[in-house]
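Before we start, here is the structure in question, set down as structure tokens.
The values are calculated or read from the model by the stated rules, or taken from the named source; none is laboratory data. Quick caveat: nothing in here was measured; it's all calculated off a predicted structure. When we count neighbours, we look across all protein chains shown, and the Cβ atoms used for this are built from the backbone with ideal geometry, even at glycine.
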Amino acid sequence: MENVINQSTSKIKGTLFSNTDLRNLIVPLVVEQILVMLVGMIDTIMVSFAGEAAISGVALVDMINNLFITVLSAVATGGAVIVSQYIGSKNTENASLSASQLVMSASLIGLIIAAFCFIFRMPMLHLFYGSVEPDVMQACATYFLFTLCSFPFLGLYNAGAAIFRSMQKTNITMIISMIMNIINIIGNYIGVFLLHMGVAGVAIPTLLSRLIGSILIFILTTRKGQPIQVRMNSVFSWHPDIIGRIFRIAVPNGIENGLFMLGKVLVTSIVAMFGTSQIAANGVSNSLNTIAIVVVTSINLAIVTVVGQCIGANEQEQAKYYTKKLMKISYIATTLLSMLVWIALPLLLDLYDMSGETYHLAYNLILFHNILAILLHPTSFNLANAIRAAGDVKYTMWVGILSMILFRLGCAWLFGVVMGWGIYGVWTAMGADWLGRSIAFVIRYRSGKWLRFKAI
């Protein structure tokens, strides 16, 4: 990673971020995302020993959870854009006020989502996954009950993490993530292997780790002496102008990403029609697919800080420069990691307790995903976040919505059900979605229209 970052493109005078700055920003994020990825894999591996019904239940609920987590992430991203642009414009007072209002907003929305999920837990499960077998539905119900309770804490944690990323202090979020993941892993082992709690054995540690992580990061955001400080009086106050700026970014982003995740849930409901083996293969593949895109995911977070500060400082050329530079890093890293996964794939799949049919399906799906990731993932997601960080959120929203409806959903039904391709048809539709998004975002980037926006 360090060597890749140091391979700079041609310099422009007076750059806002040195190679060291980028390295210090990105590397902790990569470590953090690796930890998140590993915990997801460990969760899946451990619950696989409770049977394919359990692993299917966790995989299905995770799709619903990701829908709401995406909404929380959108709020955090909205706050990060505003805070980053205020930092770029040297307005630390409004940056601190924005950070405080972000903490309040994200926590409140997390609480509302948790209450909604508690009331409509079973109706949602039956709506999306009514065709699954009874033991799978029971696993879904148990896992959903515990994980929905973590949403207020996750909202608070995401807000705090966004604040520290805006300050380029990603080492703090990395350390807290390590603590959370240690709690999760130890809790999983105790819950699954010692107490034999099945699905609950991985759900309860998730809740506990998010609770502790949110407390830790909130305390750190309130420390005196740092450039941006969350102030308690500002947390428990209402500043409609700041809230408005945050939500002008967050709402389109939340609509886009929320519908994206809803589409994935609906796609998963299509997968649920193909039987337990294909559901399990889908879950295992999704857990291992994160390896190839771990750097892309990290840069997706970093690019908000970098482009946001450039736009706040009225340095549009630097925004373009760093977007291209970070995209180059993403492509190189994705290619290298995908090749590594191809080599290690038999060993990785042997970690899971699954049938031969599930093994074969998962192997093919992962290979297919990684080929697509090398070609399309950075332009589908990194480029979108760069455009979003500049304040051009309505364009990304409409592209995301249309691509999801036309390609991800429409093609999944066409290829998977109508044409009878099953799970392979669903994943082909994912590739069509990424291609559509990539073309639209490249066109927008090359037009320069995204640089005419500003969030503050």
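For segment 42-62, enumerate the residues that are surrounded by fewer than 24 Cβ atoms within 10 Å (Cβ to Cβ) and of a type outside the set (D, E, K, R).
Across segment 42-62, the qualifying residues are 42, 44, 45, 46, 48, 49, 50, 51, 53.
Residue-wise test of (1) within 17 Å of the chain's Cα centre (by Cα); (2) within 30 Å of residue 248 (Cβ to Cβ); (3) of a type in the set (Val, Ile, Thr).
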residue: 39; (1), (2), (3): yes, no, yes
residue: 63; (1), (2), (3): yes, yes, no
residue: 67; (1), (2), (3): yes, yes, no
residue: 70; (1), (2), (3): yes, yes, yes
residue: 80; (1), (2), (3): yes, yes, no
residue: 84; (1), (2), (3): no, yes, no
residue: 89; (1), (2), (3): no, yes, no
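Could I ask something else about it? Any residue in segment 314-329 that is surrounded by 22 or more Cβ atoms within 10 Å (Cβ to Cβ), more than 23 Å from residue 424 (Cβ to Cβ) and hydroxyl-bearing (Ser, Thr, Tyr)?
Yes; the residues of segment 314-329 include at least one that is surrounded by 22 or more Cβ atoms within 10 Å (Cβ to Cβ), more than 23 Å from residue 424 (Cβ to Cβ) and hydroxyl-bearing (Ser, Thr, Tyr).
Continuing with the same structure: Kindly indicate which of 87, 109 is touching a Leu at 6+ places or on another chain (Cβ under 8 Å) and assigned to a helix (DSSP H, G or I). If you could, list the steps in order and put the result at the bottom.
Values: 87 fails: touching a Leu at 6+ places or on another chain (Cβ under 8 Å).
Sole residue among the options that is touching a Leu at 6+ places or on another chain (Cβ under 8 Å) and assigned to a helix (DSSP H, G or I): 109.
Pairs, please: C-beta under 8 Å, at least 6 apart or cross-chain, first residue under 19 Å from residue 304 (Cα atoms) and touching a residue at least 12 places away in the same chain (Cβ under 8 Å) and in segment 246-262, second among the basic types (Lys, Arg) and assigned to a helix (DSSP H, G or I)?
Taking only residues 6 or more apart or on different chains, the pairs are 249/388; 252/394; 253/388.
While we're on this one: Does any residue in segment 351-373 that is of a type in the set (Gly, Ala, Ser) come within less than 8 Å, Cβ to Cβ, of a residue that is surrounded by 14 or more Cβ atoms within 10 Å (Cβ to Cβ) and in a loop (DSSP other than H, G, I, E, B) six or more places away or on a different chain, and which pairs are these?
Here the result reads 362/352; 362/354; 373/292; 373/293, each pair linking segment 351-373 to a residue that is surrounded by 14 or more Cβ atoms within 10 Å (Cβ to Cβ) and in a loop (DSSP other than H, G, I, E, B).
Then there is this: Of the residues 335, 290, 297, which is β-branched (Val, Ile, Thr), in contact with a Gly (Cβ under 7 Å, 6 or more places away or on another chain) and on the phi < 0 side of the Ramachandran plot?
After applying the criteria, what remains is 290.
When the residues of segment 437-456 are filtered to those that are hydrophobic (A, V, I, L, M, F, W, C) and surrounded by 14 or more Cβ atoms within 10 Å (Cβ to Cβ), which remaining residue is farthest from residue 242 (Cα to Cα)?
Here the answer is 439.
A follow-up question, please. Hey, among 132, 103, which residue is closer than 30 Å to residue 22 by Cβ and touching a residue at least 40 places away in the same chain (Cβ under 8 Å)?
103
Sort through 283, 275, 263, 258 and tell me the only one that's among the small types (Gly, Ala, Ser) and at positive phi.
Result: 275 is the single residue among 283, 275, 263, 258 that is among the small types (Gly, Ala, Ser) and at positive phi.
Same structure, new question: Which one of 139, 95, 74 is under 24 Å from residue 32 (Cα atoms), among the aliphatic types (A, V, I, L, M) and buried (at least 23 other Cβ atoms within 10 Å of the Cβ)? Can you show your working first?
Values: 139 fails: under 24 Å from residue 32 (Cα atoms); 95 fails: under 24 Å from residue 32 (Cα atoms).
Step by step, each of 139, 95, 74 is checked, and only 74 is under 24 Å from residue 32 (Cα atoms), among the aliphatic types (A, V, I, L, M) and buried (at least 23 other Cβ atoms within 10 Å of the Cβ).
In addition: Since residue 173 meets every condition but one in (1) farther than 26 Å from residue 33 by Cα; (2) touching a Phe, Trp or Tyr at 6+ places or on another chain (Cβ under 6 Å), which condition does it not meet?
(1)
Do you know which residues across segment 410-428 are among the aliphatic types (A, V, I, L, M) and either surrounded by fewer than 21 Cβ atoms within 10 Å (Cβ to Cβ) or modelled with pLDDT of 95 or more (or both)?
414, 417, 418, 419
For residues that are hydroxyl-bearing (Ser, Thr, Tyr) and assigned to a helix (DSSP H, G or I), scanning just segment 193-252, find the one that is surrounded by the fewest Cβ atoms within 10 Å (Cβ to Cβ).
First, the residues of segment 193-252 that are hydroxyl-bearing (Ser, Thr, Tyr): 206, 209, 214, 221-222, 234, 237.
Restricting the remaining residues to those that are assigned to a helix (DSSP H, G or I) gives 206, 209, 214, 221, 234.
On the way: 206: 23, 209: 25, 214: 25, 221: 26, 234: 19.
Filtering first and then ranking leaves 234.
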